[in-house]
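Colleague: Shown below is the structure under consideration.
The values are calculated or read from the model by the stated rules, or taken from the named source; none is laboratory data. Predicted model, so just to flag it, every value in this text is computed and none were measured. Neighbour counts are summed over all protein chains in view; Cβ atoms, including those assigned to glycine, are modelled from backbone coordinates with ideal geometry. Heads up: the accessible areas ignore ligands, DNA and RNA and are worked out on the full protein's heavy atoms, side chains in. Shrake-Rupley method; radii C 1.70, N 1.55, O 1.52, S 1.80 Å.
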Amino acid sequence: MIPYLNTPFDYVAGILGASTDELKLIFCFLISYPLAGILKRLPDDRPVLKNVYNISIAVFFCIGLFDLWGGLATLAVDAIATYMIAAYVQGPYMPWVGFVWLMGHMSVSHIYRHMENNPSAADITGAQMVLVMKLSAFCWNVWDGKQKQWDLTDAQKDRMLTELPAPLDYAGFVAFFPSLMAGPAFDYVDYHRWLNTSMFDLPPGTDPLKAPATRKRRRIPRSATPAMFKMATGLGWILLFLQMSKYHNSSVILSDYFTKYNFFWRVYHLHMLSFVTRMKYYGVWSLTEGSCILSGIGYKGFDPKTGKPNWDRLTNIKPAGVELAQNSHAYLGNWNINTNHWLRNYIYLRVTPKGKKPGFRASMATFVTSAFWHGFEPGYYMAFVLASFIQNVAKNFRRLLRPFFLAADGKKATQYKPYYDVFSWLVTQLAFSFTTAPFILLSIHDSMLAWARVYFYCIIGVTICSVFLVTPGKTYLQKQVKARSSKPELRRNESQDSMPGATLGVPSEPGQEFDEMVDEIIMEVKKRRGSGKGPEGPELRKQVEKMLVEKRDEGRDKEQ
C-alpha cells in the first residue's frame, strides 16, 4: 500500500460514517475514469501497450490501494490455472474441469470471508466472482472453437475461440481494470475486438458519413458524454445510499423499538431497507459501466440512420426496470444482467443434451450455481428458495388474471388495466422486499426475526396462492380466459416465458420441475434395469415419489 494513503480516507470516513475501505472502493471507481480516458487514447495499433497498461493499473488497485497481496495472487492463480486447463485438458469435460476449479477456489474465498465476518472490509471475493464468470465462459469459448460449426448456435459461433489467445492478451483481458473489482463481466471476444478495434468496424454498405464521430484518427467513437452521465448517475445513487442508510438499515429492523410500529409501517421500513440497499448496487454498477463506456468497450454499434452510437454492451443494471417491475421475471431480469447472461449461456444451456429442451436438470444446475456463486450465507438460500415459489405463483396468476384486463385480442388494454398494473407492481415490490431481507441480513436468526415482525406476509400469501393453483378454481379461470380470447392459440406468448433459466437461476415452476425430476429418474431406472421385470408407468412413478419424500423426511429427522 502507498504510505499514508489511508489518512484522507480515514478522515472522510469519520465525517460520513462509512468505512475506509468502502470509500477507497468508490475512489477506485472514480479514478478509473481518467485512467480509462488515458487507455482510450493509447494508439490503436499498440495492443501490447494497452495490455501492459491494463495489468499495471490492476496491480495498483490491488496492492497500492488495498494492500491485497493475497488477493492479487488469488486472481493470478485462477487465471493461470484456467489458461492451462484450456490449453492441456482434452475432451468434452474440459469446460467443466475449469468451472469446478474456479467455483471451488472461489468457495474457499467465500468461507474465509464468512469466518472473518467483516462485510465493510475490502477483500478480493467480489473481483474473484467477476473473474469466475469471465474465465468459465472462456473455457466454453475455447471448447466451442474445436467443435463443428453446425453443432453450435449463432451465439456460440460468435463467441468461440479457434485458438488460444497470446498470454499477454489473455492477461490484459483478466486484468481489465474498469471492471476488475465489481464487473461487469464480458467474454474474451469482446476484449479482443476492442483491443484490435474490429469492434468499431462499420457494417458493409454503411455510409461513412453516418458513422459516429471520433477524434483525429482514433477508431473508438467519442464516449465522454454517456460516460459522464453514468458517473453522475452512479454518484447520485451512492450519495442517496449514504444519506438514507442512516434511517433505513438492518439495525432498525432488528431493534426492539421496531415492534412498536404498526404493521404497515413495519412493511414500509422492510421495503425501504431493500430499496436503500439496492441504491448501493445501482451506484457501483453505474460507475463501473461508465468507465467501461469511456474506455470504448461498452460500444454496441450505432443507428445507421442517425449515426448515434449505442453504449449498452455491458449494461448490468436497469434501476427503472427493477423499481417499476410488475412481475418477478421483470424484477429479476433487470437485476445483475450480465450474471443472468452467464447463467443462461454457460450453465442452463450447457447442461442440456443436444436436441433436448432444458428441464429440471438445467434449472437445478443453474439454481445451485447461482446460490454457490453468491456464497454460503444461509440468507442467500432462504431468499432463493422463496423466490422460486414467487416465480411460480407470479407466472401462473399473470396467465390467469391479466387477460381479464385486456381486450379479446390480448393487445388492447381495458379501462381497468391501470388498476391491474398498480396492483401487480405493488405486490411484486412488497413480495421481493420480504424475499430479499435474508439476502441483506444473511443469518437465519436475523432473517426469521425480520420475517416474523411482518407476520410472514409473503410466505402466507404465496402458500395461499399455491394452494389455489391445485384447486378447481384454477381450471375455472383457465376456461374463462380461453372463452374471452379471440386467439387462444396465441395466449402463451408472455414476456415471462421468453427467457427461461435466465433470472439469476431462480426456478420458475418448482412443481413442474419436480415432475420433470421424477420423469428423469424413471428414465434412468429403466435404462439401468434393462430388460429386467419391475413396476411400470404410474406404479414406478409412485414408488419414486415415495422414495423422494422418505429421503426428505429422514433428512429433517436428522436435523432435529
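Colleague: Quick check: pseudo-label points 7 Å beyond the Cα along Cα→Cβ at A224 and Y112, how many nm apart are they?
Modeller: 4.2 nm
Colleague: Continuing with this model, one more query. In nanometres, what is the gap between the two model label sites at T153 and W425, each 7 Å from Cα along Cα-to-Cβ?
Modeller: 3.2 nm
Colleague: For the range 58-182, what is the charge dipole size about the Cα centre, in debye to the nearest 20, if Lys and Arg each add +1 at the Cβ and Asp and Glu each add -1 at the Cβ?
Modeller: Value, rounded to 20: 160 debye.
Colleague: Let me ask something else about it. For the chain, what does -39500 (n - 2.57) per DSSP helix run (n ≥ 4), summed and divided by total residues, give at 222 nm, in deg cm²/dmol to the nearest 500?
Modeller: After summing the helix terms and dividing by residue count, I get -20500 deg cm²/dmol.
Colleague: Would you work out which of I459, V108, F397 lies farthest towards the positive end of the dipole of the chain, given +1 charges on the beta-carbon of Lys and Arg and -1 on that of Asp and Glu, about the Cα centre?
Modeller: Going by the Cα projections, it comes out as F397.
Colleague: Another one. Would you calculate the convex hull of the Cα atoms in the chain and tell me its volume per residue in Å³?
Modeller: It is 203 Å³ per residue.
Colleague: Taking only Cα atoms, what is the 0 to 90° angle, nearest 10, from helix 457-468's long axis to the longest principal axis of the chain?
Modeller: So the inclination is approximately 50 degrees.
Colleague: Now, a different point. Skipping prolines and chain starts, which residues have an amide H placed within reach, meaning under 5 Å, of the one on L406, given they are 5 or more residues away or on another chain?
Modeller: T414
Colleague: Going by a ≥ b ≥ c, the root eigenvalues of the Cα gyration tensor, does the range 1-97 fall in the rounded group (a/c under 1.5), the prolate group (a/b larger than b/c) or the oblate group?
Modeller: Since a/c reaches 1.5 but b/c is at least a/b, the shape of the range 1-97 is classed as oblate.
Colleague: Within 10 Å, count the other beta carbons around each residue, average over each peptide in 121-134, 319-332, 343-356, and list them highest first.
Modeller: Peptide ranking by packing, descending: 121-134, 319-332, 343-356.
Colleague: Which of the residue pairs K157/K216; K357/K417; K50/K210; K300/K354; K417/K482; K230/K308 have a Cα-Cα distance greater than 25 Å in the structure shown?
Modeller: On the way: K157/K216 34 Å; K357/K417 34 Å; K50/K210 28 Å; K300/K354 30 Å; K417/K482 19 Å; K230/K308 17 Å.
The pairs that break the limit, which is 25 Å between Cα atoms, are K157/K216; K357/K417; K50/K210; K300/K354.
Colleague: Further question: What is the magnitude of the charge dipole of the range 202-335 about its Cα centre, with +1 placed on the Cβ of each Lys and Arg, -1 on the Cβ of each Asp and Glu, and no other charges, expressed in debye to the nearest 20?
Modeller: Dipole about the Cα centre, nearest 20: 680 debye.
Colleague: Right, next: No solvent, one uniform scatterer per C-alpha: report log10 I(q)/I(0) for the range 378-474 via the Debye equation at q = 0.14, 0.19, 0.22 1/Å, two decimals.
Modeller: Values, matching the q order: -0.61, -0.93, -1.10.
Colleague: Still on this structure, I have one more. Report, to the nearest 10°, how far helix 537-559 tilts away from the longest principal axis of the Cα atoms in the chain, using its own Cα long axis and a range of 0 to 90°.
Modeller: Tilt relative to the chain: about 70 degrees.
Colleague: Working out 0.36 nm times the residue gap between T214 and Q90, then minus their Cα-Cα distance, what length gain in nm do you get to one decimal? Mind dumping the intermediate values first?
Modeller: Numbers: separation 124, 0.36 × 124 = 44.64 nm, distance 4.43 nm.
Net length gain for the segment: 40.2 nm.
Colleague: Arrange the peptides 140-151, 182-193, 255-266, 471-482 so that the one whose residues have, on average, the most other Cβ atoms within 10 Å appears first.
Modeller: 182-193, 140-151, 471-482, 255-266
Colleague: Report the calculated FRET efficiency for I459 and F263 (r = Cβ-Cβ distance, R0 = 22 Å), to the nearest 0.05. Before the final figure, lay out the partial values.
Modeller: Values: r = 15 Å, r/R0 = 0.69.
Efficiency, rounded to the nearest 0.05: 0.90.
Colleague: At a Förster distance of 51 Å, what's the computed FRET efficiency of I444 paired with Y476, Cβ-Cβ distance as r, to 0.05?
Modeller: 0.80
Colleague: Nearest 0.05, what FRET efficiency do A452 and F404 give at R0 = 45 Å with Cβ-Cβ as r?
Modeller: The computed FRET efficiency comes out at 0.80.
Colleague: Another one. On the accessible surface of the range 357-416, probed at 1.4 Å, how many percent belong to carbon and sulfur atoms?
Modeller: The nonpolar share, carbon plus sulfur, comes to 65 percent.
Colleague: Would you mind calculating the gained length between L240 and L324 on full extension (0.36 nm times residue separation, minus the Cα-Cα distance), in nm to one decimal?
Modeller: Here the segment from L240 to L324 would lengthen by 28.4 nm.
Colleague: When a/c reaches 1.5 or more, the comparison of a/b and b/c decides; with that in mind, is the range 128-258 rounded, prolate or oblate per its Cα gyration tensor?
Modeller: oblate
Colleague: Would you mind working out the accessible area per residue for the chain, using a 1.4 Å probe, and quoting it in Å²?
Modeller: 51 Å²
Colleague: Let me ask another. With the convex hull built on the Cα atoms of the range 237-370, state its orientation-averaged projected area in nm².
Modeller: Averaged projected area of the range 237-370's Cα convex hull equals 12.6 nm².
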